[in-house]
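Q: Dropping the structure in here first, questions after.
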Amino acid sequence: MNDGIKINRIDSIFKDYVDNKFDYLKKIMTMSNEEIIKNLTESGLKGRGGAGFPTGSKWKFAAEQSSDEKFVVCNADEGEPGTFKDKEILLKVPHKVLTGMTACSKVTGAKKGYIYLRWEYKFMKNDLQKSVDEFNEELEKMKIDFKIYIVLGAGAYVCGEESALFDSMEGMRGEPRNKPPFPTESGFMGKPTVINNVETFATSTMILSFGGVNYAKLGTDVSHGSKLFSISGDTAIPGIYELELGMTLHDFVEKFGDGDTKAVSVGGVSGALVPRKKFKDTIIGWEGVPTGGAMILFNSTRSIYRILHNYLEFFEEESCGQCTPCRIGCQQLKKGIEAVKKGEEDPSYLDTLASLSKVMNVSAKCGLGQSVMNPVLSAVNNFREELIY
Amino acid sequence: MATNEILIKELADQYGRKRTSLLPVLQGVADKNNFLTEEDLTTIGRELHLSGAQVFGTATFYSFLNVVPRGKYVIRVCKTISCDMKNKDDVVREIENMLKIKTGETTEDKKFTLLYTNCMGWCDKGPSMLINEMPYSDLTPDKVHGIIKQYSDTAD
């Protein structure tokens, strides 16, 4: 199981630029495409947005496609409640993201890159545009045929889903597409596209600068490296922390909890709501509870009913409405827990609701509808009495 | 609405008359007027060679593209879990009392609209809110009082 990894803070993503912000770019551009893929593969890096697809493979698949046009897209539509790390990366070290995108363009042959910035982060658009302009100028000087643009979102959680994001970029409602085909085959404008999260691009830059093998020394056999955690809720020290993967939730709570933690949402509202009794057995990583980094802590003063209700209201509002399991399912789950709480339905109705969430998990079209099950099952199985009384 | 027709033509010239320009054009108009009228949507459709349904369907999908009248300053208080836990209700109550409106409403002078929004990425500094695009965090009733007062005091 766990290799005895305790809480280990790492300083890589926000580490200062070595000499100047183009050093990483200059180094990476001297590497061959094979070397870049090799390093990413050896690093074991998986997508840091939460879905966890191996980054090296993704870049390689897109590189193998023959097409007149390819794209690199940076997903900066960080909308998972409890997540705020990408904002900080774009504010503090935007060049690491832009460098990662450029490395990807080198491997895949894409000539255009887009940052899809969520509307909520519009306040930073001008500053980010300045960094992008400066970066594009440098690319031109280095005779690299790649240019980066910013696209502004308009407020929709579901647009963080990659295919919905493409639809949004194409000027449509952000409704997820059927997969396959996957983006590396048919993404933005139906062309091969690599889409990665902000943190994944920044991490790629760091991996390529100090080597994939070195990166893989951190973490466990299954969860390599470190990642950013957005920590909020009942904690005296909320904020963003880069931590080595593979720690137990118990150790995490020892460090970040307020001494009275009863549950933690690992992975935001779409992740599991892990109860205290499972802290010791829960590893934060792909072998345990995977996460995009959102950790919301709850102490014993919090009502799980209120928390779950808040989550379901969120899902109900953010469901794109395209597929029935998610559109109707989210509404019924919310209505259902209200009815049980009011005594209008028998407590056993919670089991019906749990089944409904399982049906959504297998039948909804995208990750939004599929993951509603996670908090619902956690709450029904572990905090049943709080949902009833 | 002759002014918006000119603006829409300019935006269409800038971004190109194609489907991918729809969001930037909608945003361009919304930036200026804070909301899109039916006439705006029809004009945009005409300029980009899209049907009214396509334009309306897209515009109504996104929570930051308003198709109903909004005030000059749109206040959006985050109601998602971390901000909720940090007493966002007290902040909302303070704003409602100051502006004498309920959440979802616009002041009579059309200066403020008060809305809820979902997670805006300031969970470690909740409660938080946006006034148009400006984020404000670590809010308390006192602090929000000061902020709203500043906006109230600025001339139109």
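Q: Which aspartates and glutamates, if any, have their Cα less than 12 Å from the Cα of A:Lys21, not counting same-chain residues under 8 positions apart?
A: A:Glu134, A:Glu138
Q: Any chance you could check the Cα centroid distance between the stretch B:80-156 and the stretch A:149-175 for me, in angstrom?
A: Going from one Cα centre to the other spans 26 Å.
Q: From the helices alone, meaning DSSP H stretches of at least four residues, give me the mean residue ellipticity at 222 nm for chain A, per-run term -39500 (n - 2.57), in deg cm²/dmol to the nearest 500.
A: Details: 16 runs with 171 residues, N = 389.
The helix contribution divided over chain A gives -13000 deg cm²/dmol.
Q: Hey, rough spin-label estimate for B:Ser152 and A:Ala236, points 7 angstrom out along Cα→Cβ, what's it come to in nanometres?
A: Going from the B:Ser152 label point to the A:Ala236 one covers 3.8 nm.
Q: Okay, next question. Give the lysines whose C-alpha is closer than 17 Å to that of B:Lys110, dropping any in the same chain fewer than 8 places away, or say none.
A: Cross-link targets: B:Lys32, B:Lys72, B:Lys100, B:Lys102, B:Lys149.
Q: Where the centre of each part is set by its Cα atoms, how far does the stretch B:10-57 sit from the stretch A:246-290, in angstrom?
A: 46
Q: To the nearest 100 Å², how much accessible surface do chains B and A cover up together, summed over both, with a 1.4 Å probe? Intermediate values should be presented prior to the final figure.
A: Numbers: alone 8860 and 16370 Å², together 21890 Å².
Approximately 3300 Å², summed over both chains.
Q: Continuing with the same structure: Within chain A, which DSSP H helices have Cα atoms that stretch 20 Å or more along the helix axis and a mean Kyte-Doolittle hydropathy of at least -1.0? Could you put the intermediate results ahead of the total?
A: On the way: long enough: A:94-108 (21 Å, 0.17); A:125-141 (24 Å, -1.73); A:304-318 (21 Å, -0.37); A:324-342 (26 Å, -0.52); A:349-363 (21 Å, 0.55).
Helices meeting the criterion: A:94-108, A:304-318, A:324-342, A:349-363.
Q: Quick check: residue separation of A:Glu170 and A:Arg9 times 0.36 nm, minus the Cα distance between them. What number comes out in nm?
A: Extra length available between A:Glu170 and A:Arg9 comes to 54.0 nm.
Q: Once you've got the Cα coordinates, tell me which of A:Lys96/A:Lys122; A:Lys85/A:Lys111; A:Lys227/A:Lys277; A:Lys191/B:Lys79; A:Lys6/A:Lys87; A:Lys87/B:Lys86 are over 30 Å apart.
A: A:Lys191/B:Lys79
Q: Using only Cα atoms, find the angle between the long axis of helix B:141-153 and the longest principal axis of chain B, and express it within 0 to 90 degrees, rounded to the nearest 10.
A: It works out to around 40 degrees.
Q: Let me ask something else. Quickly work out the A:Lys255-to-A:Ser348 label distance, labels modelled 7 Å from Cα along the C-beta direction, and quote it in nm with one decimal.
A: The answer from the label model is 4.6 nm.
Q: Helix-derived [θ] at 222 nm for chain B: sum -39500 (n - 2.57) over DSSP H runs of at least 4, divide by residue count, nearest 500?
A: On the way: 7 runs with 77 residues, N = 156.
After summing the helix terms and dividing by the residues of chain B, the value is -15000 deg cm²/dmol.
Q: Okay, next question. Give the angle, between 0 and 90 degrees and rounded to the nearest 10, that separates the Cα long axis of helix B:88-99 from the longest principal axis of the Cα atoms of chain B.
A: Helix B:88-99 sits at roughly 70 degrees to that axis.
Q: OK, next. FRET efficiency for A:Val18 and A:Lys277, Cβ-Cβ distance as r, R0 = 51 Å, nearest 0.05?
A: Here the calculated transfer efficiency is 0.65.
Q: Also, I was wondering about something else. Calculate the FRET efficiency for B:Lys110 and B:Ser51 from the Cβ-Cβ distance with a Förster distance of 25 Å, rounded to the nearest 0.05.
A: Approximately 0.20, to the nearest 0.05.
Q: Here's something else I'd like to know. Spit out the partnerless Cys residues in the protein assembly as shown, using Cβ distances under 4.7 Å as the pairing rule.
A: By the Cβ distance rule, which asks for a partner under 4.7 Å, the isolated cysteines are A:Cys74, A:Cys104, A:Cys159, A:Cys320, A:Cys323, A:Cys326, A:Cys330, A:Cys366, B:Cys119, B:Cys123.
Q: Can you compute the modelled spin-label distance between B:Thr103 and A:Glu338, with each label point 7 Å from Cα toward Cβ, in nm?
A: Output for this residue pair reads 1.4 nm.
Q: If the reach is capped at under 17 angstrom between alpha carbons, list the aspartates and glutamates near A:Lys179, excluding any in the same chain fewer than eight residues apart.
A: Cross-link targets: A:Glu161, A:Glu162, A:Asp167.
Q: Right, next: Counting only protein heavy atoms, probe 1.4 Å: which residues of the stretch B:35-69 lose 30 Å² or more of accessible surface in the full assembly compared with their chain by itself?
A: Residues passing the criterion (a loss of at least 30 Å², heavy atoms only) are B:Phe61, B:Tyr62, B:Phe64.
Q: Can you work out the FRET efficiency for the pair B:Asp13 and A:Asp221, with r the C-beta to C-beta distance and R0 = 56 Å, to the nearest 0.05?
A: 0.50
Q: Just name one of A:Asn214, A:Val253, A:Gly190: the one whose Cα is farthest towards the positive end of the charge dipole of the stretch A:164-257 (beta-carbon charges, Lys/Arg +1, Asp/Glu -1).
A: Result: A:Gly190, furthest along the dipole toward the positive end.
Q: Against the longest principal axis of chain B, how steep is helix B:22-33, in degrees 0 to 90 to the nearest 10, with axes from Cα atoms?
A: 60
Q: Another question, then. Going 7 Å from the Cα of B:Glu96 toward and past its Cβ, which residues in the stretch B:119-133 have a backbone nitrogen under 18 Å from where you end up?
A: In the stretch B:119-133, the label zone of B:Glu96 (backbone N under 18 Å from the point 7 Å along Cα→Cβ) covers B:127-130.
The values are calculated or read from the model by the stated rules, or taken from the named source; none is laboratory data. What you see is a predicted model, and the numbers here were worked out from it, not measured in a lab. Glycine gets a Cβ as well: all are built from the backbone with ideal geometry, and neighbour counts include every protein chain shown. These area figures cover heavy atoms from the full protein model, side chains too; ligands, DNA and RNA do not enter into them. Shrake-Rupley method; radii C 1.70, N 1.55, O 1.52, S 1.80 Å.
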